[in-house]
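Below you'll find the structure I mean.
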Amino acid sequence: MTTDMASALPGAGKRIGILTSGGDAQGMNAAVRAVVRTAVTLGAQVYAVFEGYQGMVDGGDGIRELDWDDVGSILGKGGTMIGTFRSKDFREYAGRKRSALNLLANGIDRLVVIGGDGSLTGLDQFRGEWSQILAELVAEGQLAPEVAAAHPALMFAGLVGSIDNDLVGTDMTIGADTALHRIVSAIDDLSSTAASHQRGFVVEVMGRHCGYLALMSAIAGGCDYVLIPETPPEAGWEQKMCAELRRGRQAGRRDSMVVVAEGACDRQGQPITSGYVRQVIQDTLNEDARVTILGHVQRGGAPSAYDRWASTWLGHEAVLEVLNATPGTTGPVIGFRGNRIHHAPLIEAVAKTRKVPELIAAGDYNAAMELRGGSFTEAARIFAEMSSPSRVDAGAGSKRIAIIHGGGLAPGMNAAAADAVRLGISRGHTMLGIQGGFPGLRDGKITELEWADVEGWLVGGADLGTRRTVPTVEELYRISRTLEDQKVDALLMIGGWNGYEAAHLMHAEAERFPACGLPIACLPASIDNNLPGSELAIGADTALNVITEAIDRIKMSGAASRRAFVVETMGRHCGYLALMSALAGGAERVYLHEEGISLNALIDDVEWLRSSFAAGRKLFLAVRNEEANPLYTTDFLARLLEQESQGLYDVRQNVLGHIQQGGSPSPFDRLLAVRLVSRALDLLNEGFINAKPESFYLGLVESKVTASPLAHMLDDMDTTFRRPKNQWWLALRPVMKAVADAPV
């Protein structure tokens with residue numbers, strides 16, 4: 001890059017400081033990496049403030065410049081490479097005064113701070129005092145007047161790093177998704193040993209004032225009872241809990257699982273400890289129970305795919321914010337609302353967050369839950385229904401709802417089917433299972449499903465079976481006869497595009513085959529994430545985590561050599577898995593069908609790669625969507641890179657294949673499944689009550705579950721390439737470019 005080009009960049013002449021403060025959270029390193037690389041790409045200099053605010057107070061080596069390569073291997077590591085510390089010195093005015101002097105000694109007047117509400121509150125206080133501090137430093141002769149004049153204001157952006165997910169106004173904080181992975185994985189593991197011994201387990205998770213981790217892990221893990229700070233249990237809760245555990249055993253369960261948030265209290269404000277819960281179970285049920293306190297393992301280890309790509313996006317946005325800020329700009333806290341970047345006034349967000357424990361202490365639990373947001377309240381209601389169902393007996397007038405899978409296998413299909421059975425039974429319906437997809441429906445392979453029949457279905461796979469077969473018009477006659485014979489009142493289709501096509505065909509042919517005109521609800525389940533009306537499909541997050549873990553291992557295999565990797569992901573003509581895994585895996589290039597692959601672009605990539613390895617690069621990763629180009633295949637790309645390497649590197653290709661469809665579903669996919677199922681059953685029931693049955697397809701759009709008429713399904717789709725016309729994740733392409741294109 002020439003000097004003239006560098007000076008024209010928006011970050012030219014600007015210096016940014018970055019620090020992590022408070023408790024560590026997985027994904028902080030991803031955010032640090034994104035801040036450094038985006039800033040360098042835009043021509044700014046970045047200085048790491050080591051050990052949180054303490055490094056700012058101490059100055060010297062506590063503030064050091066970082067360049068592109070300094071953050072080259074941190075994306076998949078837990079913790080924070082620049083350290084974190086709860087600084088007492090920074091809480092004092094004298095400490096903040098020293099901090100300002102040390103920042104200005106390095107020419108820094110822009111900060112990106114990643115931390116909790118306490119860290120961000122201190123940051124805003126520092127900003128408010130900045131002009132006063134500078135005036136005092138000038139008056140004392142410690143700061144030159146021209147330096148003070150050149151840096152009249154402190155500009156900042158705050159990112160929330162907290163595994164508790166406790167910031168009001170944002171959907172997910174950095175680290176929360178990974179912590180949830182740790183907890184659910186532990187619950188899955190404990191369930192197997194608990195079942196072996198017919199034992200109960202009490203699992204204590206973090207969350208002093210926020211029950212997010214406890215509540216969501218209890219739902220995702222299929223647990224029996226949960227205790228969270230926001231809704232302290234009423235007097236006599238011990239007997240109610242034991243009654244639910246006893247009911248589960250009577251239904252055939254060999255294990256019991258109770259999740260306790262570390263901040264759980266009763267309505268008198270007395271702590272409810274995991275040890276006390278264990279003792280209650282043993283004394284009341286005469287049952288062996290054990291306590292597992294997960295502790296700091298929830299903070300440790302490699303971040304999930306989400307905490308990598310989301311933190312990367314946040315870091316990129318934070319740099320844009322501080323580079324565009326001007327004196328007088330009030331720095332925001334940047335988070336997510338509905339898979340979109342959201343800027344919130346820092347003080348307002350922190351004030352609402354701190355209001356929650358005050359409301360709990362005052363006994364205003366409804367207000368506390370309201371501040372947590374609609375999805376949190378919805379999750380609490382669903383868990384109560386699934387763990388303490390009214391179990392309405394299906395009488396003669398109950399509706400018979402059949403569950404069917406269609407399309408390719410997606411992790412989470414089983415979980416969605418299990419949720420449908422249990423929620424459906426609790427709402428008074430008779431639930432049916434169709435074996436083998438639409439061919440099974442044609443052949444009458446339908447059985448009634450009871451509560452115990454879906455025990456253990458939270459793991460991967462699809463016990464009902466799934467097929468990609470779309471019935472012909474001629475087969476609809478046999479399908480309609482089956483529906484009539486089995487007296488099916490509604491169909492719940494959980495699957496991919498082939499399943500959607502089959503449901504749409506049935507709906508379209510209802511005049512010829514009236515039985516096919518029954519209400520149908522389509523729920524998206526596909527690793528390709530290519531379905532109409534939903535920004536995310538059940539299974540896509542699990543596949544993304546599988547790919548990211550595979551990339552970690554692939555990169556590790558090349559750490560001792562100079563090597564380039566080309567990795568192929570699934571997705572057909574939808575590049576979601578490719579782009580998001582490229583971000584999460586730290587790839588330098590990604591090839592998508594949406595963008596195409598041109599010969600000129602490949603020539604540029606080869607030249608850049610050769611120059612990069614000549615300059616000292618040791619590893620390169622490209623991710624290719626399986627249908628990115630019919631001729632420029634993964635094998636072709638690998639051979640091209642090898643041919644043009646001039647001995648600077650060797651090349652390996654990896655087609656990940658069907659491992660992307662396997663594995664236990666991620667917490668997100670389990671939680672998405674239960675939300676979609678609950679809403680689908682609500683809509684079907686509304687149609688039954690109002691005698692206006694309708695067919696629809698559901699999805700998650702900007703964090704809300706939405707439903708659209710099935711008749712309009714094709715309006716949302718590019719049917720040639722079997723993907724939605726509008727794909728939100730394509731907005732991350734500039735982020736990918738900013739963190740991947742290293743200057744040579």
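Got a number for the accessible area of HIS573? Probe 1.4 Å, square angstrom, nearest 10.
Approximately 50 Å² of HIS573 is accessible to the 1.4 Å probe.
Next question, about the same structure. Please report, as a whole percent, how much of the solvent-accessible surface of the chain comes from carbon and sulfur atoms (probe radius 1.4 Å). Intermediate results must be reported in sequence, preceding the final value.
Values: 13900 of 28280 Å².
So the carbon and sulfur contribution to the accessible surface is 49 percent.
Restricting to DSSP H runs of at least four residues, report the calculated mean residue ellipticity at 222 nm for the chain, -39500 (n - 2.57) per run over all residues, nearest 500 deg cm²/dmol.
-13000 deg cm²/dmol
What is the extension gain from ARG199 to ASP635, computed as 0.36 nm multiplied by their sequence separation minus the C-alpha to C-alpha distance, in nm to one decimal? List each step's numbers first, then the result.
Numbers: separation 436, 0.36 × 436 = 156.96 nm, distance 5.18 nm.
Answer, rounded to one decimal: 151.8 nm.
Heavy atoms only, 1.4 Å probe, whole protein assembly: order TYR47, TYR477 by accessible area, highest first.
Values: TYR47 20, TYR477 120 Å².
Correct descending sequence by accessible area is TYR477, TYR47.
Give the Rg (one decimal place) followed by the Dmax (whole number) of segment 25-73, computed from C-alpha coordinates and expressed in Å.
11.2, 29
I've got another one for you. Nearest 0.05, what FRET efficiency do ALA94 and THR284 give at R0 = 51 Å with Cβ-Cβ as r?
Working: r = 56 Å, r/R0 = 1.11.
The pair ALA94/THR284 has a calculated efficiency of 0.35.
Here is a follow-up. With angles folded into 0 to 90 degrees, how steeply does helix 237-250 sit against the dominant principal axis of the chain? Use alpha carbons for both and round to 10.
Compared with the principal axis, the helix lies near 50 degrees.
Once both axes come from the Cα atoms, what is the angle between helix 413-426 and the longest principal axis of the chain, in degrees from 0 to 90, rounded to 10?
Between helix and principal axis, roughly 60 degrees.
Please name which of TYR697, GLY687, THR720 has its Cα lying farthest along the dipole of segment 642-744 towards the positive end, using unit charges on Cβ (Lys, Arg +1; Asp, Glu -1) and the Cα centre as origin.
GLY687
Among 153-165, 90-102, what's the highest-first ranking by average C-beta atoms within 10 angstrom per residue? Provide the component values of the computation, followed by the final result.
Working: 153-165: 27.0, 90-102: 18.7.
Output ranking for 153-165, 90-102: 153-165, 90-102.
For the chain, find the longest principal axis of its Cα atoms and tell me its angle to the long axis of helix 346-362, 0 to 90°, nearest 10.
Computed tilt is about 50 degrees.
Further, regarding this structure: I need the peptides 480-489, 538-547 ranked by packing, meaning the mean over residues of other C-beta atoms within 10 angstrom, with the highest value on top. Don't jump to the answer; show the numbers that get you there.
Values: 480-489: 17.1, 538-547: 28.9.
Going from most to least packed, we get 538-547, 480-489.
On to the next question. Where a ≥ b ≥ c are the square roots of the eigenvalues of the C-alpha gyration tensor, would you call segment 236-277 rounded, which needs a/c under 1.5, or, failing that, prolate if a/b is larger than b/c, or oblate? It would help to have the intermediate numbers written out before the result.
Numbers: a/c = 3.78, a/b = 2.02, b/c = 1.87.
In terms of gyration-tensor shape, prolate.
Working only with C-alpha atoms, what are the Rg and Dmax values of segment 679-744, expressed in angstrom?
18.5, 67
Could you work out the local net charge near TRP237, counting Lys and Arg as +1, Asp and Glu as -1, over the other residues with Cβ closer than 12 Å to its Cβ?
The answer is -2.
With each pseudo-label sitting 7 Å past Cα toward Cβ, what's the THR330-ARG86 distance in nm, one decimal?
2.9 nm
Follow-up question, since we're still on this one. Quick one: grab Rg to one decimal and Dmax as a whole number for the chain, Cα atoms only, in Å.
Cα only, the chain: 27.5, 92 Å (Rg, Dmax).
Further question: Quick check: pseudo-label points 7 Å beyond the Cα along Cα→Cβ at ALA510 and GLN270, how many nm apart are they?
5.7 nm
Per residue, how many Å² of accessible area does the chain show with a 1.4 Å probe? Working shown, then result.
Values: 28280 Å² over 744 residues.
That works out to 38 Å² per residue.
By accessible area of protein heavy atoms, probe 1.4 Å, what ranking do ASP528, ASP171 get, highest first? Could the numbers behind the result be given before it?
Numbers: ASP528 20, ASP171 60 Å².
Per-residue accessible area, sorted high to low, gives ASP171, ASP528.
Oh, and also: What whole-number distance in Å separates the alpha-carbon centres of segment 264-318 and segment 235-249?
21 Å
So, counting K/R as plus one and D/E as minus one, what does the shell of residues with Cβ under 14 Å around SER678 add up to? Don't skip to the end; give the middle numbers.
Numbers: positive: ARG381, ARG422, ARG427, ARG670, ARG675, ARG679, LYS704; negative: GLU378, GLU385, ASP419, ASP682, GLU686.
Net of charged neighbours comes to +2.
Roll a 1.4 Å probe over the protein heavy atoms and report the accessible area of ARG127 in Å², nearest 10.
Rounded to the nearest 10, that gives 70 Å².
The values are calculated or read from the model by the stated rules, or taken from the named source; none is laboratory data. Computed from a prediction, not measured in an experiment: that's the story for all the values here. Cβ: placed from backbone, ideal geometry, glycine included. Neighbour counts: every protein chain shown. Ligands, DNA and RNA are excluded from the accessible area calculation, which covers all protein heavy atoms including side chains. Shrake-Rupley method; radii C 1.70, N 1.55, O 1.52, S 1.80 Å.
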